Each structure stands twice: as C-alpha cells, then as structure tokens.
1. Return the sequence-ordered ³J(HN,Hα) values of segment 74-82 in whole Hz as given by the Karplus equation 6.51 cos²θ - 1.76 cosθ + 1.60 applied to θ = phi - 60°, using x for Gly and Pro.
2. Residues with amide H under 5 Å of residue 99's amide H, sequence separation 5 or more or different chain, H placed in the peptide plane at 1.01 Å from N; which?
3. Provide the gained length on full extension for the span residue 187 to residue 37, in nm with one decimal, where the gain is 0.36 nm per separating residue minus the Cα-Cα distance.
4. Which ³J(HN,Hα) values, rounded to whole Hz and listed in residue order, are derived for segment 169-183 from phi using the Karplus coefficients 6.51, -1.76 and 1.60 in 6.51 cos²θ - 1.76 cosθ + 1.60 with θ = phi - 60°, glycine and proline given as x?
5. Ignoring ligands and nucleic acids, what accessible area does residue 244 show with a 1.4 Å probe (Å², nearest 10)?
6. Would segment 194-247 count as rounded, prolate or oblate if I go by the C-alpha gyration tensor, calling it rounded below 1.5 in a/c and otherwise prolate when a/b exceeds b/c, oblate otherwise?
7. Say R0 is 35 Å: what FRET efficiency, to the nearest 0.05, do residue 155 and residue 47 get from their beta-carbon distance?
8. Accessible area, 1.4 Å probe, largest first: how do 236, 194 sort?
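The values are calculated or read from the model by the stated rules, or taken from the named source; none is laboratory data. Source: prediction; values computed, not measured. Positions of Cβ are backbone-derived with ideal geometry, glycine not excepted, and every protein chain shown enters the neighbour counts. Each accessible area value is taken on the protein alone, full model and side chains, heavy atoms only, with ligands, DNA and RNA left out. Shrake-Rupley method; radii C 1.70, N 1.55, O 1.52, S 1.80 Å.
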Amino acid sequence: MTSFVPPVAPRRRTAVAVLLCAGLTAALTACGSEDPDKGTNGVGRLSAAEIEKRAQKAADSADAVRLAGTLVSKGGTYKIDMRLKEDGGTGSLTSKNSTFELLRIGDEVYLKADSGFWSHDEKGSTDSKGDAGAAAGDKLQNKYVKVPQGDPTYKQLRGFTDMKTLLDGMLTLHGKVNKGDHGKVGSVRTVQILGGKGEGGALDVSLKGTPYPLRFARGGGGGILTLADWGLDFELKAPAKGDTVDYGQQLPKSTS
C-alpha cells in the first residue's frame, strides 16, 4: 500500500524560495560590493589627477614632516632620515662608507661626522694630503662644523634640510598619472596613484583626515621614502659653542 505524502502548499513553497533568494542576494551584495572608501576622507573616489593635486596641496600647506628611506643613484644607495620644517631641518644621511648628520637653523648649516668622513681622500692615499686629511679628521670628528656659505657643498647640504626643495625634488610622478589599488601604510588606509609606463613612481595617499602623501616609490627603482609626522613641530637648537668648529671660508675636502 502506497504511503500518502501530503503536498507542500504552493503558498509555503513560494515563501521559502523568496526567503532563500533574498538571503543569498544580501550575502553576495555584502561580499562583492563593499565600498573601500567607506569611512574615509573620500579622496579614493577621485580621479588620479585630482588625488595628486590634493596630496600636493596637503604637503605644501604642512608646517613640518619627517622623511626617511632609501635613495638609489648611479653612485650607490643612500639612507636618509630628516625632520624638516620651514626654517630648518635636522637628521642624517648614510652612504656605504660613512654617516653624517645635518642641522640647519635659518641660513646656518652644520655638518657632524666621524674622523673617517673627513680624513678619506678619493683614493684612500696616505701621502701628505692624506696626512693633512687625517689631522683634519682628528680635529673635526664628532664636532658640528659650520658650513661656510661660500663652500661648494653649502647649497647641496642645505638642500637636504630644505623641506620644499626636498619634497619637490623627490615626490615627483612622471608621465600620465593613473589610479592604483587601495592599501595601507602602517595602520592608515591609503589609495595609490602611479606614474606612467611603470617607471613614473608610485605615491600612497592617506585616506584618513588630510590626504598627506605617506609613501613614495621613486621611478626606475630609485628608492622608497616614507613620510610621517606631518605638521608635528620639533625644536631646532644650535649646538653648544664647545661642540662647534668654524673652519673658515671652505671645508676640508672629503669624498667619503
């Protein structure tokens, strides 16, 4: 004898199908179209050109910044760590052979390095010139040497302590600017803009608060720089007289 199976009421069957479809649609919507710019400053919704413009404006209006990272050139790889503001800057630069500190207050630039920085000549010789360099190194090591404004290196060293000069010279995207992916620098959400042809560099811009540049990969493998402490003031203090050497009109030659 065949058992009787009561039919499912058409109305109930339709209701179940509707609920299943509605739930599936909601899940797919939640997973597939989450807004990456939700809760941000909205910069990520703009075009690449507009993001670049906003980031540049933010950088230009800031009173201070810390710039750190690597610079790669034909001469080698250099590490830089500088705190910069309108009237000066302080920090260090490191090459393969040496590290030196820079301090600028207004127009006065100071250089501090160990004896090796001052005593090495171009060929590492030990002739009379090398002996003179060694003597200078002993005198100047770990002292703040005031860089004469007439010295050939003054303009170059000052440039490393000049906020506008350094940012304008390093944070430059080349070619047509394109929009990249969303990401993070540290814990801060960012949007990336890219220079053209893969060699134009990449700039990560903050999606939190003011759209400051937070990281810059220089084009052509020229190094990666991070930018932090935007607008955070710091003290610039002249070194004590006992720690300072005024070498006259020109610094001793050093190629370290």
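1. Along segment 74-82, the couplings run 4, x, x, 10, 10, 9, 10, 8, 10 Hz.
2. Hits under the 5 Å cutoff: 114.
3. Details: separation 150, 0.36 × 150 = 54.00 nm, distance 1.52 nm.
Net length gain for the segment: 52.5 nm.
4. x, 9, 8, 10, 8, 10, x, 5, 7, 10, 8, x, 8, 7, x
5. Surface open to solvent at residue 244 totals about 40 Å².
6. Details: a/c = 6.00, a/b = 1.84, b/c = 3.27.
Here segment 194-247 falls in the oblate category.
7. Numbers: r = 37 Å, r/R0 = 1.07.
Efficiency, rounded to the nearest 0.05: 0.40.
8. On the way: 236 35, 194 55 Å².
Of 236, 194, the descending order of accessible area is 194, 236.
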